[in-house]
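Asks: Take a look at the following structure, please.
The values are calculated or read from the model by the stated rules, or taken from the named source; none is laboratory data. Quick caveat: nothing in here was measured; it's all calculated off a predicted structure. Glycine also receives a Cβ, built like all others from the backbone with ideal geometry; neighbour counts cover every protein chain displayed. The protein model used for the area step is the full one, side chains on, heavy atoms only, and it has no ligands, DNA or RNA in it. Shrake-Rupley method; radii C 1.70, N 1.55, O 1.52, S 1.80 Å.
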Amino acid sequence: MQQQRVIVVGGGLAGLAAVVRIAEAGIPVDLFSMVPVKRSHSVCAQGGINACNEVARQQGYSEYQHFDETIYGGDYLADQGPVLEMANFAPKVIDLLDRMGVPFNRTGEGQRDLRLFGGSLFKRTHFAGATTGQQLLYALDEQTRRHEAAGLVKKYEFWEFLWPVIEGEVHGLEGDGRCVGIVAQDMRTMQIRAFRGAAVVMATGGCGLVFGKSTNSVICTGGAASRCYQAGAWYGNGEMIQVHPTAIPGADKCRLMSESARGEGGRVWVPQKKGDDRTPADIPENERWYFLEERYPKYGNLVPRDIATREIFDVCVNDGMGIGGQNQVYLDLTHKDPEYLTRKLGGIMEIYEKFAGEDPRHAPMRIFPAVHYSMGGVWTQFTPGTYEPEQPWHEHKPGMAPPIDSEVGRGMRVGAPNNMMTNIPGLYAFGEVNFAFHGATRLGANALLSCIFDGLFSGQSVASYVTQESPAERPIDQVDQSIYDHVVQQEQAKVDRLLDTVEGAEPADDTNPYLIGREMGQEMEAACTVVKTDQRLRQCLDKLAELRERYGRARLPDPAAWTNQSLSYSRAVGDMLILAEMIAKCSLLREESRGSHYRLDFPDRDDERFLKTTVAAFDATKGGVEQHSVEYRPVQTDLVKPRPRTYGKVEKEPAEPAGAASRGAEPVSA
C-alpha cells in the first residue's frame, strides 16, 4: 500500500501553513498553485497581523478582548468558538513567525512594535513595515522548501485546479460521498490529469474578479470555490463582501492603500466647501471636513471598513462633496514626519508615488473604496471546545478580567477531524475561501491571522482525518480508477467545447468572454457592494441571466495548444457567473442590514430573522437562479451576547459645514 498523500490547492499563507503543519505530521503533501507560490495573492497584504502580546496586555488588552472585538466587528454572524480559538492562538502564531525570521518592526527597547488598526482602541497589530504579507509568505515558503528538500512536499506550480474527485454521492451532510483527489491542468502543456489525495485542502483565496476591478490579483477569480460549490460543497454567507475604504482607482485594477495608513495617523477629509478647487495645501485646517472624526468621535478614522466605506460613499455620491466633484476623498499623512512614514509605511508610500505620481509624504492621497475581501466562502464545520458558559458573556470592556483563560482548545477541539471540513468529507477549506471567522465584516489585520491559524490549527485536523477516519479504513489507492477517469473526461469535454468555438462565425461582442466578464464585474459592483436594494438586485439577476445565456454561446479567441491563457480565463468566466448569481440571490434574500451587507430598503439589523448563516447549495438539475437553493442555519452565539454595533456614532445632526447648503443632491443607490 502506498503512503497516503494530502493535496493542498493554493500557495498563499493558508496553503503554505497547511503544508508545513501536515508535513510535520509525516504525511506527504502535493501542493498546487497557478503561480509560483511566492507570487500568491497573500504577498499583497500590507498592514499587519493581529495578536495580543505582553506590551498590549500592559495596556489592558487580552486575547479575550481580541475575540470580543472580532465578534462585534463581524456583527455577530461568525460562529464564536472558532473566533475564540483564533484569538487565543494568535500570540503563538506571532512567536512562531518570529522564530522563522520574519523581520517584524521593533521598538527602541527591542520589543515587537505594534500599531493601531480599525475596530480597536488598542495597539495590537504586529507589522513588518507595510509589506507584512510578503514577509510572512517568504518565511512560510522557506519552511515549505525545507520539507520539499526532505521529500515530503512536491510542488505543482502553474497547475490550475479544475474539479474535486468525489467517491459516492453528496447530499448535504447526509451522503456517503468523500473527496479522494482532484483533476488539474498544466497551464503550460495544457495536459489534464487526475491526482489521488486522502484529503484535499482548498486554500484558493477570494473572488474579487467577480466584481471587476478590485484590490485583488488577477488570479482571484473565485473559480476554484465555484467548482467545489458546483460539485456539492455548500457556500456560506456569500452576500458578505468587503469594500475597502482606501484604494487608488486605476484603469486596470484598484490598488490598496493599507489601513495601516490610518493606523499611523492618517486623516480622511474633504473640503468643507463643495466644488472647492484649491490645492489641499491651500485649504486651511478650519475649512476641512474630517467627517469620520466628526461622526465617530470614539474611533475616528479607525472605524471598521464597512462603516468608513459607507461614509465616504455617502459624502461623495449622495452629498456630492468629493474632491473636485469626483468620487475621491483625501487620506492625509502630511502632518507626520516623512522619515517616520518611510520607516513605518515605506512599501505603500512607494506604491502610491509610482501609480499616482505624487509623494504622499508631502501631498494627501486621493482614494476611494474598492472591493477587497470576501467574508463569505465555502461552508465549513467544527467541533466546539471546552468553554461552555452557563449564559453568554456581556460586553467586555478594557481592564475587565476575561471570563475564561486563553488555553488552546477553549473554542475548538484540537485535532477534531471536522474542523474546517466542508460538508463533503475529506474536502477542507482554509483561509479566505472559507466563511468561518469574519462574520459580516472582517477587521483589518485579522485576514493574515485567520489564514495562518487555519493552516496550523486545522492542519492537525486534516492529519487526524487521514490517519483515523475513512482514508485509514479504506485507503485511496483502493478507489476505482474509473472515478478519476470520469472527471478527467468531464473537464476535457469542457476544454474541447471552448476550443471548438474558435473556428466558424466571425467574433462578436456579445459572445466575447472578456466582454462578458467585464459586464459581470460592472453589474456586480453596482448592485452588490456598498448599498443594495430589492429593485437593483433583481435587475442584477436579470443581467446575470442574460450573461449566462451569452456565455453558453461564447467564442474562444485563441486556439493555442500551449499556455492558452484565454482558455483559462474563459473557463473561469462561466464559473464566476454562477458564483455571482448565488451572491446576488443571497443578497436579495437577506432582508436586513448587517456589517458589510447594507440594504437601503431594510436599513436595520434583524436578529430575529437573520442572525443566521446563509447556506447556498447548487442543484445542476434546475435552471438559472433556481439552481441556488438557499437556507439559513443557526449561528453559535452562546459565548457572547449580541449587542448593537454602533462604534459610538454620534446620532445628532452634525454642524452644517460651509457650503453644505449647496450640496442639494438626493440620495441615490449604487
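Asks: Could you please give the count of residues in the range 540-598 that are surrounded by 16 or more Cβ atoms within 10 Å (Cβ to Cβ), among the charged types (D, E, K, R) and within 26 Å of Met34 (Cα to Cα)?
Replies: Going through the range 540-598 one residue at a time, the tally reaches 5.
Asks: Select from the range 552-590 the residues that are more than 25 Å from Asn237 (Cα to Cα) and among the hydrophobic types (A, V, I, L, M, F, W, C) and list them in ascending order.
Replies: Selection gives Ala554, Leu556, Ala560, Ala561, Trp562, Leu567.
Asks: Is at least one residue of the range 182-196 of a type outside the set (A, V, I, L, M, F, W, C) and closer than 25 Å to Ala436 by Cα?
Replies: Within the range 182-196 (the criterion being of a type outside the set (A, V, I, L, M, F, W, C) and closer than 25 Å to Ala436 by Cα), the answer is no, since none of the residues qualifies.
Asks: Part of a loop (DSSP other than H, G, I, E, B), over 30 Å from the mean Cα position of the chain (by Cα) and under 30 Å from Glu69 (Cβ atoms): is that true of His335 in this structure?
Replies: Answer is yes for this residue.
Asks: Of the residues that make up the range 447-462, is at least one over 17 Å from the mean Cα position of the chain (by Cα) and surrounded by fewer than 24 Cβ atoms within 10 Å (Cβ to Cβ)?
Replies: Yes, the conditions are met somewhere in the range 447-462.
Asks: Return the total of residues in the range 95-104 being part of a loop (DSSP other than H, G, I, E, B) and open to solvent by 30 Å² or more (accessible area, probe 1.4 Å).
Replies: Qualifying residue count, the range 95-104: 2.
Asks: Would it be correct to say that Gly81 is touching a residue at least 40 places away in the same chain (Cβ under 8 Å), in contact with a helix residue (DSSP H, G or I) (Cβ under 7 Å, 6 or more places away or on another chain) and among the small types (Gly, Ala, Ser)?
Replies: no
Asks: Sticking with this structure for a sec: What single numbered condition from (1) under 24 Å from the mean Cα position of the chain (by Cα); (2) in a loop (DSSP other than H, G, I, E, B) fails to hold for Ala363?
Replies: (1)
Asks: In addition: In a loop (DSSP other than H, G, I, E, B), open to solvent by less than 10 Å² (accessible area, probe 1.4 Å) and over 26 Å from Leu140 (Cβ atoms), is that true of Ile424?
Replies: It is true that Ile424 is in a loop (DSSP other than H, G, I, E, B), open to solvent by less than 10 Å² (accessible area, probe 1.4 Å) and over 26 Å from Leu140 (Cβ atoms).
Asks: Select from the range 397-419 the residues that are small (Gly, Ala, Ser) and in contact (Cβ under 8 Å) with a residue 60 or more places away in the chain and list them in ascending order.
Replies: Those that are small (Gly, Ala, Ser) and in contact (Cβ under 8 Å) with a residue 60 or more places away in the chain: Gly399, Ser406, Gly409, Gly411.
Asks: Checking Glu287 against (1) touching a Phe, Trp or Tyr at 6+ places or on another chain (Cβ under 9 Å); (2) modelled with pLDDT of 95 or more; (3) not hydroxyl-bearing (Ser, Thr, Tyr), which single condition isn't satisfied?
Replies: Evaluating Glu287 over (1) touching a Phe, Trp or Tyr at 6+ places or on another chain (Cβ under 9 Å); (2) modelled with pLDDT of 95 or more; (3) not hydroxyl-bearing (Ser, Thr, Tyr) leaves (1) as the failure.
Asks: Return the residue satisfying two criteria in turn: it lies in the range 503-534 and is part of a loop (DSSP other than H, G, I, E, B) and not β-branched (Val, Ile, Thr), and of such residues it is least open to solvent (accessible area, probe 1.4 Å).
Replies: Cys528
Asks: Please pick out the residue among Phe313, Phe355 that is in a helix (DSSP H, G or I), surrounded by fewer than 16 Cβ atoms within 10 Å (Cβ to Cβ) and aromatic (Phe, Trp, Tyr).
Replies: Phe355 is the lone residue from the list that is in a helix (DSSP H, G or I), surrounded by fewer than 16 Cβ atoms within 10 Å (Cβ to Cβ) and aromatic (Phe, Trp, Tyr).
Asks: Residues in the range 598-646 that are in a strand (DSSP E or B), touching a helix residue (DSSP H, G or I) at 6+ places or on another chain (Cβ under 7 Å) and farther than 21 Å from Leu173 by Cα: how many?
Replies: 1
Asks: Please name all residue pairs, on different chains or six or more residues apart, with Cβ atoms under 7 Å, provided the first residue is in the range 127-153 and is more than 17 Å from Pro36 (Cα to Cα) and assigned to a helix (DSSP H, G or I) and the second residue is open to solvent by 10 Å² or more (accessible area, probe 1.4 Å) and of a type in the set (S, T, N, Q).
Replies: Taking only residues 6 or more apart or on different chains, the pairs are Thr132/Gln46.
Asks: Which number in (1) modelled with pLDDT of 95 or more; (2) open to solvent by 40 Å² or more (accessible area, probe 1.4 Å); (3) over 16 Å from Gly177 (Cβ atoms) marks the one condition that Asp500 misses?
Replies: Every listed condition holds for Asp500 apart from (1).
Asks: Restrict the check to the range 134-146 and report whether at least one residue is open to solvent by 30 Å² or more (accessible area, probe 1.4 Å), at positive phi and over 24 Å from the mean Cα position of the chain (by Cα).
Replies: Scanning the range 134-146, I find no residue that is open to solvent by 30 Å² or more (accessible area, probe 1.4 Å), at positive phi and over 24 Å from the mean Cα position of the chain (by Cα), so the answer is no.
Asks: Same structure, new question: For the range 115-146, name all the residues that are over 27 Å from Val19 (Cβ atoms) and either charged (D, E, K, R) or at pLDDT 95 or above (or both).
Replies: Arg115, Lys123, Arg124
Asks: The conditions are (1) assigned to a strand (DSSP E or B); (2) open to solvent by 30 Å² or more (accessible area, probe 1.4 Å); (3) more than 24 Å from Gly455 (Cα to Cα); (4) not small (Gly, Ala, Ser), and Trp163 fails exactly one of them. Which is it?
Replies: If we test Trp163 against (1) assigned to a strand (DSSP E or B); (2) open to solvent by 30 Å² or more (accessible area, probe 1.4 Å); (3) more than 24 Å from Gly455 (Cα to Cα); (4) not small (Gly, Ala, Ser), just (3) comes out false.
Asks: Give me the residue from the range 170-194 that is acidic (Asp, Glu) and part of a loop (DSSP other than H, G, I, E, B) and, out of that set, surrounded by the most Cβ atoms within 10 Å (Cβ to Cβ).
Replies: Checked the range 170-194; the qualifying residue surrounded by the most Cβ atoms within 10 Å (Cβ to Cβ) is Asp176.
Asks: Okay, next question. Across the range 285-306, what is the number of residues that are among the hydrophobic types (A, V, I, L, M, F, W, C) and assigned to a helix (DSSP H, G or I)?
Replies: Within the range 285-306, residues that are among the hydrophobic types (A, V, I, L, M, F, W, C) and assigned to a helix (DSSP H, G or I) number 3.
Asks: Something else now. For the condition buried (at least 17 other Cβ atoms within 10 Å of the Cβ), in contact (Cβ under 8 Å) with a residue 40 or more places away in the chain and of a type in the set (D, E, K, R), what is the one hit in Arg115, Arg39?
Replies: Exactly one residue qualifies, and that residue is Arg115.
Asks: Which one of Arg548, Arg518, Arg474, Arg538 is out of contact with any Ser or Thr (no Cβ under 8 Å at 6 or more places or on another chain), without any contact (Cβ under 8 Å) to a residue 40 or more places away in the chain and among the charged types (D, E, K, R)?
Replies: Arg474
Asks: Testing Tyr229 on (1) under 20 Å from Ala617 (Cα atoms); (2) of a type in the set (Ser, Thr, Tyr); (3) open to solvent by less than 10 Å² (accessible area, probe 1.4 Å); (4) not in a helix (DSSP H, G or I), one condition comes back false. Which one is that?
Replies: (4)
Asks: Search the range 99-111 for residues that are farther than 14 Å from Leu137 by Cα and pair each with any residue that is open to solvent by less than 70 Å² (accessible area, probe 1.4 Å) when their beta-carbon atoms are under 6 Å apart and the residues are at least 6 apart or on different chains.
Replies: Taking only residues 6 or more apart or on different chains, the pairs are Asn105/Asp113; Asn105/Phe127; Arg106/Asp113; Thr107/Asp113; Gln111/Val55.
Asks: Looking at (1) surrounded by 24 or more Cβ atoms within 10 Å (Cβ to Cβ); (2) over 27 Å from Gly320 (Cβ atoms); (3) modelled with pLDDT of 95 or more, which is the only condition Gln242 fails?
Replies: (2)
Asks: Please go through the range 422-472 and give me each residue that is more than 20 Å from Asn88 (Cα to Cα) and charged (D, E, K, R), ordered by number.
Replies: Listed by number, the list holds a single entry, Glu469.
Asks: For the range 251-271, which residues satisfy the criterion of being open to solvent by 20 Å² or more (accessible area, probe 1.4 Å) and either without any contact (Cβ under 8 Å) to a residue 12 or more places away in the chain or not hydrophobic (A, V, I, L, M, F, W, C) (or both)?
Replies: Ala251, Asp252, Lys253, Arg255, Gly265, Arg267
Asks: Here's something else I'd like to know. Please indicate, with yes or no, whether at least one residue in the range 413-420 is of a type in the set (Val, Ile, Thr) and either within 30 Å of Thr334 (Cα to Cα) or buried (at least 20 other Cβ atoms within 10 Å of the Cβ) (or both).
Replies: no
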